[in-house]
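The block underneath contains the structure these notes are about, expressed in structure tokens.
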């Protein structure tokens, strides 16, 4: 199921008030075949999967069904692999304001975590902003299995090793 509803008149486009609890969705998109498999592994097994193109020597995280360099089809049965739950910080930022603009008591940290040849953008925990360094080793911490819903939020956060 790709699109359930389309906005056909420009006047129907609305803005989102960040003070509301939920983001209004006008259209629904699937995560695609690879995305669905990737999120199922997060939910069911607490594993991060990538797909490896042997021709290009690249391991994509999150997993893909085609190599972005040579367009070779990457099959789940032979090209997908568990890349583990550890990575390193590629870049990061400290967030000092809430989505509504108020100052936070404590800044939260968001990082681009390099796993294999890919990046996952996620929260950091268990470290202060002044302690974070590029190249720092981190590990994914998952929510308990009964709380997982099949999305990137199934990873609670990354913590330093």
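The values are calculated or read from the model by the stated rules, or taken from the named source; none is laboratory data. Just so we're clear, the structure is a prediction, and the values are computed from it rather than from any experiment. When we count neighbours, we look across all protein chains shown, and the Cβ atoms used for this are built from the backbone with ideal geometry, even at glycine.
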- prompt: Which residues, taken from the range 144-161, are assigned to a helix (DSSP H, G or I) and either farther than 16 Å from residue 84 by Cα or in contact with a helix residue (DSSP H, G or I) (Cβ under 6 Å, 6 or more places away or on another chain) (or both)?
  reply: 145, 146, 147, 153, 154
field: Number of positions in the range 43-66 that are outside any strand (DSSP E or B), in contact with a strand residue (DSSP E or B) (Cβ under 7 Å, 6 or more places away or on another chain) and either within 23 Å of residue 86 (Cβ to Cβ) or at pLDDT 95 or above (or both)
entry: 7
field: Lone qualifier among 141, 130, 102, 106 - being over 20 Å from residue 31 (Cα atoms) and at pLDDT 95 or above
entry: 141
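Would it be correct to say that residue 46 is in contact with a helix residue (DSSP H, G or I) (Cβ under 8 Å, 6 or more places away or on another chain) and touching a residue at least 60 places away in the same chain (Cβ under 8 Å)?
On the way: in contact with a helix residue (DSSP H, G or I) (Cβ under 8 Å, 6 or more places away or on another chain): yes; touching a residue at least 60 places away in the same chain (Cβ under 8 Å): yes.
It is true that residue 46 is in contact with a helix residue (DSSP H, G or I) (Cβ under 8 Å, 6 or more places away or on another chain) and touching a residue at least 60 places away in the same chain (Cβ under 8 Å).
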- line: Per the filter on the range 125-141, residues over 18 Å from residue 48 (Cβ atoms) and free of Cβ contacts under 8 Å to residues at least 40 places away in the same chain are 126, 127, 128, 129, 130, 131
statement: When residue 104 is run through (1) in a helix (DSSP H, G or I); (2) farther than 25 Å from residue 38 by Cβ, the failure sits at (1)
- prompt: Is there a residue in the range 136-143 that is exposed (fewer than 15 other Cβ atoms within 10 Å of the Cβ) and outside any strand (DSSP E or B)?
  reply: no
- prompt: For residues in the range 68-83 being assigned to a loop (DSSP other than H, G, I, E, B) and within 19 Å of the chain's Cα centre (by Cα), which is nearest to residue 32 (Cα to Cα)?
  reply: 68
message: I'm trying to understand the selection: among the residues of the range 49-98, which are within 24 Å of residue 133 (Cβ to Cβ) and free of Cβ contacts under 8 Å to residues at least 12 places away in the same chain?
response: 96, 97
